[in-house]
Amino acid sequence: MRAQVRLALLLLPLAACTAEPVPKPRGYFRIDLPEPAYTGWTDSTTMALEIPAAARITDRGARGQARWFDIRYPGLRGTIHLTWSPVANDLPQLIEDAHAFKNTHQAKAGGIRSERMIRPEHRVFGTLFSVDGDVASPFVFYLTDSSSNFLYGALYFDAPPNADSLAPVSERIRTDMAHMAATLQWR
């Protein structure tokens, strides 16, 4: 009888194994974020600010009186699109357009947090918006001096919006964008 029990215990693990495969859960690649470091950047005519050292800025030229810039994070597949516009008695409309763009994310957003930027010593005023959820642009901002300059920025990724997998990168770039806003000076 003991021999039969032993044989049954030895054969039990073999009987439990099946040929049917078991899917493994989907995983994400590890993301190595560069250390926070900033370098000064100056546009010859409109502004000066500190940009992340890991990013590259490109002047995309002018459209009408507006100027367009991209701050690209090559290793993180993210781009901050900046638009500078002169203020010509249209400041309320420029601010309304920035809010309207932010509001286009409300259907998918889990929430929108806003942070006021008020730096009267450098005449920098505006709002930074953090948009939570699976949205196309998780961070949007506008900054102005209320009389001559208006800067609008939005972050986009070269990937489908997935807030969970992009969270570490989004948070890091949000921090970088807040730093840029805190160092902005009009020329």
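The values are calculated or read from the model by the stated rules, or taken from the named source; none is laboratory data. From a predicted model like this one, the values you see are computed outputs, not experimental measurements. Note that each Cβ is placed from the backbone with ideal geometry, even for glycine, and that neighbours are counted across all protein chains shown.
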Restricting attention to region 127-140, and to residues there that are in a strand (DSSP E or B) and β-branched (Val, Ile, Thr), which single residue is farthest from ASP97 (Cα to Cα)? VAL131
If you go through region 68-87 one residue at a time, how many are over 13 Å from the mean Cα position of the chain (by Cα), within 30 Å of ALA167 (Cα to Cα) and buried (at least 16 other Cβ atoms within 10 Å of the Cβ)? 3
I'd like to know if region 129-142 contains one or more residues that are exposed (fewer than 14 other Cβ atoms within 10 Å of the Cβ), under 13 Å from the mean Cα position of the chain (by Cα) and either basic (Lys, Arg) or at pLDDT 90 or above (or both). no
Residues (assigned to a helix (DSSP H, G or I) and surrounded by 15 or more Cβ atoms within 10 Å (Cβ to Cβ)) located in region 100-126: PHE101, LYS102
Residue, modelled with the highest pLDDT, within region 44-67, restricted to residues that are part of a loop (DSSP other than H, G, I, E, B), on the phi < 0 side of the Ramachandran plot and surrounded by fewer than 15 Cβ atoms within 10 Å (Cβ to Cβ): ALA53
Taking region 13-34 and keeping residues of a type in the set (A, V, I, L, M) and modelled with pLDDT under 70 leaves LEU14, ALA15, ALA16, ALA19
Given the conditions (1) loosely packed, with under 12 Cβ neighbours inside 10 Å; (2) modelled with pLDDT of 95 or more; (3) not small (Gly, Ala, Ser), which single one is not true for TRP41? (1)
ILE112 - would you say it is at pLDDT below 95, of a type in the set (Val, Ile, Thr) and farther than 27 Å from ARG26 by Cα? yes
